[in-house]
1. For segment 1-41, name all the residues that are among the aliphatic types (A, V, I, L, M), away from the ligand (no atom under 16 Å from the Cβ) and surrounded by 11 or more Cβ atoms within 10 Å (Cβ to Cβ).
2. Mind checking which pairs have a first residue in segment 30-54 that is small (G, A, S) and a second that is assigned to a loop (DSSP other than H, G, I, E, B) and within 13 Å of the ligand (Cβ to nearest atom), Cβ under 9 Å, 6 or more apart or different chains?
3. Could you check segment 42-52 and list, in sequence order, the residues that are more than 15 Å from the ligand (Cβ to nearest atom) and either part of a strand (DSSP E or B) or among the hydroxyl-bearing types (S, T, Y) (or both)?
Amino acid sequence: MAKNDVRIGIVCECGNEFQEGIAGVELEAHEFTCPACGKSDKFTPEQVSHIVEQHKAAVAYGFEEARKATSEDLQRGVRGSKDLNYRPK
Ligand SMILES: [Zn+2]
């Protein structure tokens, strides 16, 4: 999934509104930069849980829940599922 498949509107302290692609990013660690004033910021924990709530279905990676689901998939894969595309690097 490309990062820009899921976008979220952000309102900067300077009042500028912009869209940030968040698909596949670690929300808690992700830094975004306001295109108007150049200020870098991160999502607050409240914003993170709000975003998770809103984009649960769309955001495939980066969240604890998704990580759990993924490792469950991998465990199923280890048990011999032929439907799994996971290949270790
Ligand atoms: Zn700004």
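1. Selection gives M1, V6, I22, A23, V25, L27.
2. A36/C12; A36/C14; A36/G15; A36/N16; S40/C34
3. Correct list: T44, S49.
Every read-out reported here was derived from the displayed coordinates using simple, explicitly stated rules and does not represent laboratory data. For clarity, every value in this text was computed on a predicted model and none was experimentally measured. Please note: Cβ atoms are built from the backbone with ideal geometry, for glycine as well, and neighbour counts cover all protein chains shown.
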